[in-house]
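The structure under discussion appears below in the form of structure tokens.
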Amino acid sequence: MSSPQSPANYGDENVIHDYEAHVNPSLAALMKFVGYDSVEVSAQGCVVRDSRGREFLDCLGGYGTMSVGYSHPHVVATVREQLERQAFGSRALFSAAQTRLAKKLAEIAPGDLQYTFFCNSGTEAAEAAIKLARLKTGRTKLVSATGSFHGKTMGALSISGRDRYKTPFAPLVPDCVNVPFGDARALRETVDEHTAALLLEPIQGEGGILVPPDGYLKAAREICDQSGALLVFDEVQTGLGRTGKMWGADWENVAPDMMLLAKALSGGCVPIGAVLGTPNVWEVWTENPLIHSSTFGGNPLACAAGFAAIEAVENENLVARSQEQGEKLRAAFRATQDKHPGFVKEVRGRGLMIGVEFAHDDVAGLVIAGLVGRNVLAAYTLNNPTVIRFEPPLVISDAQIAQVADAFAESVASSAEMLEGIEF
Ligand code: PLP
């Protein structure tokens with residue numbers, strides 16, 4: 001039942017007007033400029049519907065969150081059952097939902113990641129990992145990669161790799177060093193006996209969907225073992241099948257000391273973040289089990305969603321599907337690239353974590369607007385606006401792949417025509 005004040009009765013103009021008045025006027029202007037000028041009301045699988053009945057095929061997927069698709073029936077049913085029984089916990093007694101998810105994560109995680117600390121987002125997972133690494137090693141230096149994205153709270157921002165988001169907030173957390181991504185020699189020169197942790201995305205997401213050279217993650221593991229630094233993989237975007245393997249680090253069969261999760265673990269339903277760690281790292285909790293904590297972290301609703309999301313990934317073979325469908329989508333994009341080689345510079349990625357690099361960020365912007373106009377939701381990568389990212393739900397069908405491929409081909413062709421004669 002919807003009351004006169006419920007979102008269903010709000011009215012598009014009122015929503016956009018009140019968003020401008022009460023949320024973020026500049027972001028509203030940007031959204032309208034790109035063509036995101038309507039209000040979403042429902043979503044299922046890969047499709048988002050707006051209040052005018054228009055249907056969009058979502059290739060942004062909440063920045064890589066919607067791996068099992070919107071409103072996945074198993075996730076929704078599990079969350080509903082939990083919601084009706086107990087949404088949040090007392091924090092005094094043990095929680096079966098939390099424990100069950102932690103055990104499941106230990107079963108499917110690489111190496112001997114056995115324990116989980118739960119929080120509510122990716123950035124909180126990065127914060128926790130930074131603190132645990134410093135506590136465990138007694139060292140302060142944190143090494144991470146240029147172009148990386150680990151979140152926007154102070155610690156996560158300090159290890160992230162784009163000055164545009166960092167400089168306005170200086171001074172940040174001290175002793176954080178960025179090295180070029182994919183460069184094992186730079187790791188060797190920088191990770192040393194003062195380093196608490198090396199934090200890397202196995203495939204960079206917001207940096208522009210960058211796949212490191214083969215052997216990079218293995219080298220990172222060796223360098224950490226030699227220096228005594230902890231290796232932390234940020235799998236917030238790459239985890240749970242996004243790249244065509246369960247974990248991005250599986251491409252090199254490397255196990256970290258800690259692994260960060262969020263996004264897809266929510267089942268697209270309830271926010272969650274997680275830090276997995278080895279028994280060695282988890283010694284840090286012995287002296288003070290509350291040295292780091294979160295009120296909502298590990299709440300039953302989020303953990304029920306997380307468990308159901310993993311079940312959906314397993315039961316529907318979404319890891320293999322990501323690989324298969326990703327190959328098809330990249331092949332289609334490459335066919336368009338062949339027709340406009342100076343315009344589309346590169347198509348890259350793994351599984352359904354795909355990036356298309358354009359000659360200039362204005363070109364990428366034009367193509368995004370063209371895609372939205374053709375009912376495909378897309379956006380650029382946050383730390384590299386020349387790259388459009390395609391991260392649809394892993395359940396995307398062949399017909400939907402064809403729809404994206406056609407919209408992309410048409411949008412690139414019309415953008416190229418508009419910009420003909422301009423040198424980039
Ligand atoms: N780490 C990675 C690799 C991410 O891609 C993101 C978000 O895009 C984050 C961390 C931060 O996650 P959140 O936005 O949930 O704080």
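Each reported figure results from applying straightforward, stated rules to the coordinates on display, with no laboratory input. Nothing here was measured: the structure is a model prediction, and the numbers come from that model. Using ideal geometry, Cβ is built from the backbone for each residue, glycine included, and neighbour counts are taken over all protein chains shown.
Which of the helices in the chain meet the span-like rule: DSSP H, Cα axial reach of 27 Å or more, Kyte-Doolittle mean at least -0.5?
Correct list, ordered by number: 398-418.
Between E417 and E81, how high is the FRET efficiency from 1/(1 + (r/R0)^6) when r is the Cβ-Cβ distance and R₀ = 60 Å? Nearest 0.05.
That pair, E417 with E81, gives E of 0.70.
Quick one: pull the percentage of alpha-carbon pairs in the chain with a separation above 37 Å.
Values: 21025 of 89676 pairs.
The answer is 23 percent, as a whole percent.
Report, in deg cm²/dmol and to the nearest 500, the calculated mean residue ellipticity at 222 nm for the chain, where each DSSP H run with n ≥ 4 adds -39500 (n - 2.57) and the sum is divided by the residue count.
Using -39500 (n - 2.57) per qualifying helix, the result is -12500 deg cm²/dmol.
Among all stretches of the chain without exposed trypsin sites (Lys or Arg not before Pro) (DSSP loop, at most 13 other Cβ atoms within 10 Å), which one is longest? List each step's numbers first, then the result.
Numbers: sites that count: R52, R54, R91.
Here the longest segment lacking exposed loop sites spans 92-424.
Assuming R0 = 30 Å, what is the FRET efficiency of D12 and H74, from their Cβ-Cβ distance, to the nearest 0.05? Present the calculation step by step, with values, prior to reporting the outcome.
Numbers: r = 32 Å, r/R0 = 1.07.
E(calc), rounded to 0.05, equals 0.40.
Which one, P393, P25, P341, has the greatest fluctuation when you compute a Gaussian network model over the chain with C-alpha springs under 10 angstrom?
Of the options given, P25 has the highest mean-square fluctuation.
Give a residue-ordered list of calculated ³J(HN,Hα) values for the stretch 183-191 (Karplus: 6.51 cos²θ - 1.76 cosθ + 1.60, θ = phi - 60°; whole Hz; x for Gly, Pro).
Listing the rounded values in order: 9, 5, 5, 4, 5, 4, 6, 10, 7 Hz.
Work out, step by step, the length gained on full extension between D50 and D398: first 0.36 nm times the residue separation, then minus their alpha carbon distance; give nm to one decimal.
122.9 nm
Tally Lys/Arg at +1 and Asp/Glu at -1 over every other residue whose Cβ is under 14 Å from the Cβ of A96; what's the total? List each step's numbers first, then the result.
Values: positive: R85, R100, K103, K104; negative: E81.
Every neighbour counted, the sum reads +3.
Below 8 Å between Cα atoms, with a sequence gap of 6+, how large is the relative contact order for the stretch 33-101 in percent?
21
Quickly work out the A331-to-S294 label distance, labels modelled 7 Å from Cα along the C-beta direction, and quote it in nm with one decimal.
4.0
Which loop-located GluC sites (Glu not before Pro) does the stretch 315-344 contain, where loop means any DSSP state but H, G, I, E or B and the Cβ has at most 13 other Cβ atoms within 10 Å?
Answer by residue number: there is no such site.
Around M418, what is the net charge, scoring Lys/Arg as +1 and Asp/Glu as -1 over all other residues with Cβ under 13 Å from its Cβ? Walk me through the numbers on the way to the answer.
Details: positive: none; negative: D362, E410, E417, E420.
After counting each charged neighbour, the total is -4.
For the stretch 300-402, what ratio Rg/Rh do Cα atoms give with a Kirkwood hydrodynamic radius? Write down the numbers at each step before the final one.
Details: Rg = 15.5 Å, Rh = 14.9 Å.
My calculation puts Rg/Rh at 1.04.
Once you keep just the Cα pairs under 8 angstrom separated by 6 or more residues, what percentage relative contact order results for the chain?
Over the chain, the number comes to 21 percent.
Which net charge results when you count Lys and Arg as +1 and Asp and Glu as -1 among the other residues whose beta-carbon is under 13 Å from that of A312?
Surrounding charge for A312 is -1.
May I ask you to list the chymotrypsin sites (Phe, Trp or Tyr not before Pro) in the stretch 23-105 that are in a DSSP loop and have at most 14 other Cβ atoms within 10 Å of their Cβ? Before the final figure, lay out the partial values.
Working: sites: F33, Y36, F56, Y63, Y70, F88, F94; in loops: Y36, F88, F94.
Sparse-neighbourhood loop chymotrypsin sites (Phe, Trp or Tyr not before Pro): F88, F94.
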